[in-house]
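A.B. asks: My questions all concern the structure below.
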Amino acid sequence: MPKYREMTASDNAAVAALVRDNLKKFNLDIPGTVYFDEGLDHLSDYYGNDERRYYVIEDDNGEVIGGIGYDRFEPMKDTAELQKLYLTDSAKGSGLGYEMIDFIEDKMREAGYKASYLETHNNLQAAIHIYELKYRIVTDSSEVDALNSLTRCAKMLNKNLTLFTIKLTLKDTDKIIGIFFYLEIIYK
C-alpha cells in the first residue's frame, strides 16, 4: 500500500531522477522543460512552506515510486498550481495517479486554496487521459478574466494554448469551490 509523506532533502535525487526519466521517455528532455531546471535537483529547498508542498509516494519497501506537489499560482486569487505528478513505470496503470490528484486536492483545500491550475505537455498522453476524465475544453477564455492574461502572455512567448476547466467539489457534497484549469503549452 503506497505511503504519502512530505519530501525531504534525502528525496531530492530520487525525485529528480523520476522526473527526468519520465520526460526522457516522452522525448521531453528538451530546453524549456523542467528536465533542464537547475532547481529540480534541490526541490526540497523550494517546497515546504505555507504556500507550497511536495509529497513523495513510497512503496512497501520504502522506495520512492511517485511524487506530486502544489504551489501558489500568482495570476489567480486563491489558486494553487498542481505540479510535478510523476510515477515510476512499475506504479503506472494502477490507479495511483487518480489517487494522487485526490490527495493533493485535499492538501490544497487544507492550505486554503479554492481553485487549482495545472499544465502538461501534449506528449504526456497518460496524464492528459487522467485530466480529461474530469475536464472540459474552454472555448471562450472570457469565462475567467485571468485566462485573458495567460493568453496574452502565451502569444508574446509564441506558444499555443489549449484550456480545459473542471469543477472542484468537496467530498460528499456538490458544492463547487473552484475551477480547475488545464493549460497545454506546445513548445515551438
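Readers should treat all values here as calculations from the given coordinates under stated rules, not as data from a laboratory. All of these numbers come straight from a predicted model, not from anything done at the bench. Here the Cβ is made from the backbone with ideal geometry for all residues, glycine too, and neighbour counts use every protein chain on show.
A.B. asks: What's the exposure ranking of I128, I104, going from fewest to most Cβ atoms within 10 Å?
C.D. replies: With the sparsest Cβ surroundings first, the list reads I128, I104.
A.B. asks: Under the 0.36 nm per residue contour assumption, what length would be gained going from the current alpha-carbon distance of D60 and D37 to full extension?
C.D. replies: On the way: separation 23, 0.36 × 23 = 8.28 nm, distance 3.03 nm.
Taking 0.36 nm per residue and subtracting the Cα distance, the gain is 5.3 nm.
A.B. asks: For each of Y70, Y4, Y117, count neighbouring Cβ atoms within 10 Å of the residue's Cβ, then give the residues from fewest to most.
C.D. replies: Y4, Y117, Y70
A.B. asks: Moving on to the next point. Add +1 for every Lys or Arg and -1 for every Asp or Glu among the other residues with Cβ under 15 Å from the Cβ of S90, and state the total. Before the final figure, lay out the partial values.
C.D. replies: On the way: positive: K25, K92; negative: D21, E58, D59, D60, E63, D89.
The answer is -4.
A.B. asks: From the phi of every residue in the stretch 95-112, what ³J(HN,Hα) in whole Hz does the Karplus formula 6.51 cos²θ - 1.76 cosθ + 1.60 yield, where θ is phi - 60° and glycine or proline is x?
C.D. replies: x, 5, x, 5, 4, 5, 5, 4, 4, 6, 4, 4, 5, 5, 4, 4, 7, x
A.B. asks: Ordered by packing density, taken as the mean number of other Cβ atoms within 10 Å over each peptide's residues, highest first, how do 35-41, 81-87 rank? Kindly include the intermediate steps, with their values, before the conclusion.
C.D. replies: Numbers: 35-41: 12.6, 81-87: 22.4.
In decreasing order of mean packing, 35-41, 81-87 become 81-87, 35-41.
A.B. asks: Rounded to whole Hz and in sequence order, give me ³J(HN,Hα) for the stretch 25-36 from the Karplus expression 6.51 cos²θ - 1.76 cosθ + 1.60, θ = phi - 60°, writing x for Gly and Pro.
C.D. replies: 4, 10, 6, 10, 8, 10, x, x, 9, 5, 3, 9
A.B. asks: So how do H121, H42 line up by other beta-carbon neighbours within 10 Å, fewest first?
C.D. replies: Numbers: H121 19, H42 11.
So the ranking, lowest neighbour count to highest, is H42, H121.
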